[in-house]
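Visitor: Next up is a structure, given as structure tokens.
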């Protein structure tokens with residue numbers, strides 16, 4: 001029988017602990033020998049620096065790997081020997097240092113050092129409570145649960161949201177809540193169903209993003225809904241584009257908080273692998289770097305959202321590495337989080353002043369590590385969106401969309417596969433703005449953006465080219481398939497009903513399509529798609545035209 005994901009993670013963590021225990025037994029033997037050697041031979045006081053560094057590392061890593069008592073004892077021994085190690089590093093005479101070391105050993109330090117290994121026999125049970133693997137979703141289609149007591153309205157909402165490619169379930173009341181909610185991504189509920197705050201299904205709202213239909217605007221009602229875990233309130237569920245836009249925002253926010261790219265730099269192999277295993281199991285993409293000298297090349301290749309780095313790694317100083325990274329403009333905004341067992345707040349602030357953004361004191365629990373990484377990745381991505389994504393639609397900005405198009409053109413030319421580019425433009429959009437206002441026009445643009453994002457593949461490139469115009473690149477997609485996809489999108493978008501005051505209206509779009517590799521550059525291909533778009537406009541709009549010659 002195959003192991004569950006949590007069981008597999010637990011097995012790997014136990015393997016790491018065993019490796020750490022075996023290595024630490026040998027290191028403690030060497031530690032004892034080094035300290036005794038330094039106490040007996042004046043020329044061997046340099047060994048105190050290595051002894052201090054080992055104790056410092058154990059103080060940080062042992063607790064993270066489950067040996068809490070060992071870490072606490074190593075911390076006490078580290079603090080006691082640090083003044084002597086600092087004096088040796090500063091070039092002090094060896095004889096006074098050796099004399100103080102002998103006094104320290106006689107005062108009980110010798111028995112503490114010799115007995116350090118006994119703490120390896122005390123280890124906390126491996127826990128994977130933090131480990132919540134996300135269920136695989138082959139088609140990436142979000143599932144929405146609708147709790148609406150009005151059957152006719154529920155059916156209207158279902159038909160409207162189905163155009164966006166969502167999978168939907170409808171329940172008539174709270175008591176019909178399913179036992180299995182693992183595949184539900186978002187809940188939509190009418191406020192009257194939340195009146196019974198003792199409902200057995202109500203606590204499950206906290207596990208999902210929640211949109212509530214409520215016409216109440218008083219403070220008391222809104223506060224109560226927020227306290228129940230509601231994330232958004234909507235007055236008019238019949239306004240499907242507005243509802244779809246809010247759903248998109250909540251789903252995107254939830255997904256972003258669970259994903260991210262993390263680079264970890266640490267010279268402790270067991271601790272590095274532990275961090276990598278915890279973060280990877282939590283759904284993050286991780287690059288573990290054990291050799292700090294490879295940092296620049298690894299960063300350029302992996303391009304993480306955040307960088308986790310130990311303060312001291314053998315001959316390398318973490319803050320110095322951070323300062324070095326800030327030499328390059330592309331890494332100025334990269335969040336750097338330092339890990340260290342250092343508890344002195346002044347020293348922590350000094351580390352941050354030299355290029356860091358946050359400081360986490362070792363030992364760090366697995367759950368805290370995962371939450372810290374997720375939160376930091378989320379914030380980094382939010383800031384990144386301000387630079388790369390259009391603020392209204394959340395799609396790529398013009399310049400970045402063209403960069404991605406040219407990148408796909410080069411890839412298509414190299415591999416020989418077909419890829420298509422399409423230009424889309426909303427029909428009679430000036431009339432929408434003139435008749436209903438720019439706020440309503442923005443809603444139409446966002447509705448088309450959401451439709452494209454949900455119905456196209458994750459690998460497709462979608463950008464706002466300007467105003468009401470969009471560019472789409474479909475890698476490894478034939479012209480015939482591209483036309484088929486866009487025509488289906490065109491038909492479904494035309495079926496959306498927008499609300500402006502007491503009026504309802506619909507909008508269509510026109511599209512022009514070109515094959516990337518049929519042209520000598522990505523720029524020529526996009527110009528051909530643009531010409532085809534205006535041929536479609538002259539031919540009556542609301543449809544798809546292929547560039548002549550493709």
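Visitor: Could you give me the residue pairs with C-beta distances under 9 Å whose first residue belongs to region 424-438 and is closer than 16 Å to residue 464 by Cβ, whose second residue is loosely packed, with under 13 Cβ neighbours inside 10 Å and at pLDDT below 95 wherever it lies, and which are 6+ apart or on separate chains?
Guide: If the second residue must be loosely packed, with under 13 Cβ neighbours inside 10 Å and at pLDDT below 95, the pairs left are 425/467; 426/467; 429/467.
Visitor: Has region 530-544 got at least one residue that is assigned to a strand (DSSP E or B) and either surrounded by fewer than 16 Cβ atoms within 10 Å (Cβ to Cβ) or more than 35 Å from the chain's Cα centre (by Cα) (or both)?
Guide: Checked against the condition, which is being assigned to a strand (DSSP E or B) and either surrounded by fewer than 16 Cβ atoms within 10 Å (Cβ to Cβ) or more than 35 Å from the chain's Cα centre (by Cα) (or both), region 530-544 yields at least one hit.
Visitor: Taking the conditions exactly as written (surrounded by fewer than 20 Cβ atoms within 10 Å (Cβ to Cβ), in a helix (DSSP H, G or I) and in contact (Cβ under 8 Å) with a residue 24 or more places away in the chain), does residue 244 satisfy them or not?
Guide: Spelling it out, it is not the case that residue 244 is surrounded by fewer than 20 Cβ atoms within 10 Å (Cβ to Cβ), in a helix (DSSP H, G or I) and in contact (Cβ under 8 Å) with a residue 24 or more places away in the chain.
Visitor: Ok, one more. Out of (1) outside any loop (DSSP other than H, G, I, E, B); (2) under 21 Å from the mean Cα position of the chain (by Cα), the odd one out for residue 405 is which?
Guide: (2) is the only condition that residue 405 fails.
Visitor: Next question. Tell me yes or no: at least one residue of region 70-91 is in a helix (DSSP H, G or I), within 33 Å of the chain's Cα centre (by Cα) and within 25 Å of residue 340 (Cβ to Cβ).
Guide: Taking every residue of region 70-91 in turn, at least one turns out to be in a helix (DSSP H, G or I), within 33 Å of the chain's Cα centre (by Cα) and within 25 Å of residue 340 (Cβ to Cβ).
Visitor: Can you tell me which residue among 301, 270, 330 is under 23 Å from residue 21 (Cβ atoms) and in a helix (DSSP H, G or I)?
Guide: 270
Visitor: Shifting gears a bit: Whether any residue in region 495-506 is buried (at least 23 other Cβ atoms within 10 Å of the Cβ) and under 16 Å from residue 448 (Cβ atoms) is what I want to check.
Guide: No.
Visitor: Right, residue 107: modelled with pLDDT of 85 or more, closer than 28 Å to residue 194 by Cα and surrounded by fewer than 19 Cβ atoms within 10 Å (Cβ to Cβ) or not?
Guide: Taking the combined requirement at face value, the residue does not satisfy it.
Visitor: Of all residues in region 127-142, which are at pLDDT 75 or above and crowded, with 16+ Cβ neighbours inside 10 Å?
Guide: Of everything in region 127-142, just one residue is at pLDDT 75 or above and crowded, with 16+ Cβ neighbours inside 10 Å, namely 142.
Visitor: Take the residues in region 152-166 that are out of contact with any strand residue (DSSP E or B) (no Cβ under 7 Å at 6 or more places or on another chain) and without any contact (Cβ under 8 Å) to a residue 12 or more places away in the chain, then tell me which one is farthest from residue 496 (Cα to Cα).
Guide: 152
Visitor: Test each condition in (1) assigned to a helix (DSSP H, G or I); (2) over 13 Å from residue 544 (Cβ atoms); (3) out of contact with any strand residue (DSSP E or B) (no Cβ under 7 Å at 6 or more places or on another chain) for residue 485 and report the one that comes out false.
Guide: It is condition (2) that residue 485 fails.
Visitor: What are the residues in region 469-482 that are part of a loop (DSSP other than H, G, I, E, B) and either closer than 20 Å to residue 527 by Cβ or within 29 Å of the chain's Cα centre (by Cα) (or both), if any?
Guide: Matches in region 469-482: 475, 476, 477.
Condition check ((1) out of contact with any strand residue (DSSP E or B) (no Cβ under 7 Å at 6 or more places or on another chain); (2) buried (at least 21 other Cβ atoms within 10 Å of the Cβ)) across all residues:
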{"position": "253", "(1), (2)": "yes, no"}
{"position": "266", "(1), (2)": "no, yes"}
{"position": "269", "(1), (2)": "yes, no"}
{"position": "274", "(1), (2)": "yes, yes"}
{"position": "286", "(1), (2)": "no, yes"}
{"position": "293", "(1), (2)": "yes, no"}
{"position": "297", "(1), (2)": "yes, no"}
{"position": "304", "(1), (2)": "no, yes"}
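The values are calculated or read from the model by the stated rules, or taken from the named source; none is laboratory data. Everything numeric in this text was worked out from a predicted model, so none of it was measured. Note that we place each Cβ from the backbone using ideal geometry, even for glycine, and neighbour counts take in every protein chain shown.
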